[in-house]
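One structure below.
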Amino acid sequence: MLTKRPRGTNDFLPEDTVKWQYVENMLRELCRQFGYEELRTPIFEETELFLRGVGDTTDIVQKEMYTFEDAGGRSVTLRPENTASAVRAYVENKMFAGAQPTKLFYIGPMFRYERPQAGRFRQFHQFGIECFGASSPAADAEIIVLAWEFYRRLGLRNLELNVNSVGCPECRPVYRKALQDFLRPNLDKLCGTCQERFEKNPLRILDCKNPECQHHLVGAPTTIDALCDDCREHFNAVLRHLDAVGIPYKINEKLVRGLDYYTNTAFEILLSDIGAQSAVCGGGRYNRLVEEIGGKPTPGVGFALGMERVFNALQAQGIELPIKPKIDVFVAALGAEASDVAFRLVTEMRRLGLAAEHDMMGRSLKAQFKYADKFNAAYTLVVGGDELSRGTVQLRDMKGSEQQEIPLDKAAEILAAKFAL
Ligand code: ATP
Ligand code: MG
């Protein structure tokens with residue numbers, strides 16, 4: 001073989017893609033119900049967009065971007081996430097000029113140069129939504145409800161929603177200083193990364209996984225204690241909306257997104273069954289991001305969820321998706337004349353909307369039945385022999401194993417009626 005697929009990427013074979021299509025269709029329908037419309041942006045963007053839109057102190061920008069120079073000497077980057085692109089598209093296409101809010105969803109591949117491991121890939125897929133223009137807490141709650149409803153429809157259990165508020169440009173600097181003052185006496189005992197974060201991005205120290213850092217955070221002031229009145233009211237209103245529709249949550253004061261353009265709500269959905277990579281969805285409010293990317297000040301709120309982790313979780317919880325059988329009707333043919341009739345018959349049935357299949361490998365009738373069994377088709381039509389000379393075919397109901405002679409020229413219609421087409 002010439003070469004293998006790049007490390008950290010996947011081939012999705014038909015037995016996988018049927019599941020992906022099922023889940024994607026479910027997401028599209030969910031978005032329709034919640035009023036989110038699809039946005040498709042390029043897979044690559046000018047590197048500058050992600051430096052600004054993701055933030056140059058983040059792991060993504062510092063370590064994980066697929067950046068290269070194209071033949072024209074421009075620095076471009078394969079998108080590591082889609083929010084920055086969505087904001088760019090919102091501004092560039094003047095979507096702010098229409099009735100607000102602008103409610104968008106996206107689904108597609110993202111690229112991060114990470115160490116591949118279970119649930120962590122270099123090309124992976126995200127579904128996400130962004131709601132631009134609404135600062136109301138109802139918008140924060142709506143996107144959380146959408147994410148929650150998605151996992152609920154899939155039948156996933158043991159979900160945990162964590163929420164927090166990181167405040168606004170009024171109250172966050174006060175909190176930031178309080179946290180720095182609290183940590184300063186032990187600064188030299190924090191891990192190297194946290195020491196680096198101390199000046200630029202101290203809030204991220206809160207979610208450091210290092211036990212030593214966590215030890216020095218015991219008793220630290222919380223973001224919630226520091227919220228200004230408006231931010232506190234916003235946070236309480238988001239929680240009230242979640243209460244009103246029966247969505248349980250845990251307030252997690254260590255859940256932060258450190259960058260300046262994140263404001264108010266931060267949330268994450270965790271799943272306990274899928275090992276170390278337990279975060280399946282993350283999002284929050286970013287009232288300053290549109291401005292950061294060159295638009296007018298515009299509130300925004302959104303989330304992204306990892307598709308691969310959805311499938312991991314489904315597998316871990318033994319959930320089978322109700323995938324339709326691959327074919328509805330198999331047409332078995334005995335002899336060359338019958339094969340020609342079978343070809344016409346499957347075409348007629350396909351035109352009526354059935355999934356119909358026949359043999360193209362010259363199999364014996366017995367082998368055709370065996371092949372048909374594999375597909376789990378509800379019905380088989382048998383063409384050939386005396387029936388063919390009588391202008392009829394045998395219809396077998398594969399579940400009831402009943403057999404019936406039906407007119408050849410009505411066969412397609414009769415089958416279509418059985419599937420209510
Ligand atoms: P993590 O802490 O797991 O690295 P993250 O904070 O980088 O996650 P986000 O950038 O918020 O994740 O992306 C949202 C979701 O995308 C994650 O919750 C996860 O489900 C998924 N995701 C992120 N990186 C990967 C990856 N390399 N492979 C597969 N899924 C991923
Ligand atoms: Mg990551």
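Taken together, the values in this text are just the output of simple stated rules run on the coordinates, not laboratory data. Note that the structure is a prediction, hence the values are computed from the model and not measured. Virtual Cβ from ideal backbone geometry, glycine too; neighbours counted across all protein chains shown.
The residues on offer are L270, L239, and the sole one that is away from ligand 1 (no atom under 16 Å from the Cβ), of a type in the set (A, V, I, L, M) and either in a helix (DSSP H, G or I) or within 21 Å of the chain's Cα centre (by Cα) (or both) is L239. Evaluate the following for R344: is it assigned to a helix (DSSP H, G or I), of a type in the set (D, E, K, R) and buried (at least 18 other Cβ atoms within 10 Å of the Cβ)? No: the conditions fail for R344.
Residues in segment 307-321 that are surrounded by 23 or more Cβ atoms within 10 Å (Cβ to Cβ) and out of contact with any strand residue (DSSP E or B) (no Cβ under 6 Å at 6 or more places or on another chain): V310 alone. Say whether the condition of being away from ligand 2 (no atom under 16 Å from the Cβ), outside any strand (DSSP E or B) and either of a type outside the set (D, E, K, R) or farther than 20 Å from L314 by Cβ (or both) is met by at least one residue in segment 123-133. Looking through segment 123-133, at least one residue is away from ligand 2 (no atom under 16 Å from the Cβ), outside any strand (DSSP E or B) and either of a type outside the set (D, E, K, R) or farther than 20 Å from L314 by Cβ (or both). Does G284 qualify as being surrounded by 20 or more Cβ atoms within 10 Å (Cβ to Cβ) and within 16 Å of ligand 2 (Cβ to nearest atom)? For G284, the condition - surrounded by 20 or more Cβ atoms within 10 Å (Cβ to Cβ) and within 16 Å of ligand 2 (Cβ to nearest atom) - is met. Taken over segment 160-176, the criterion of being under 31 Å from the mean Cα position of the chain (by Cα) and surrounded by 19 or more Cβ atoms within 10 Å (Cβ to Cβ) is satisfied by L161, V163, N164, S165, V166, G167, C168, R172. Among the residues of segment 308-326, which ones are touching a residue at least 12 places away in the same chain (Cβ under 8 Å) and either assigned to a helix (DSSP H, G or I) or within 13 Å of L381 (Cα to Cα) (or both)? The answer is E308, R309, V310, F311, N312, A313, L314, A316. Among the conditions (1) within 26 Å of T265 (Cα to Cα); (2) outside any helix (DSSP H, G or I), the only one that V76 does not satisfy is (1).
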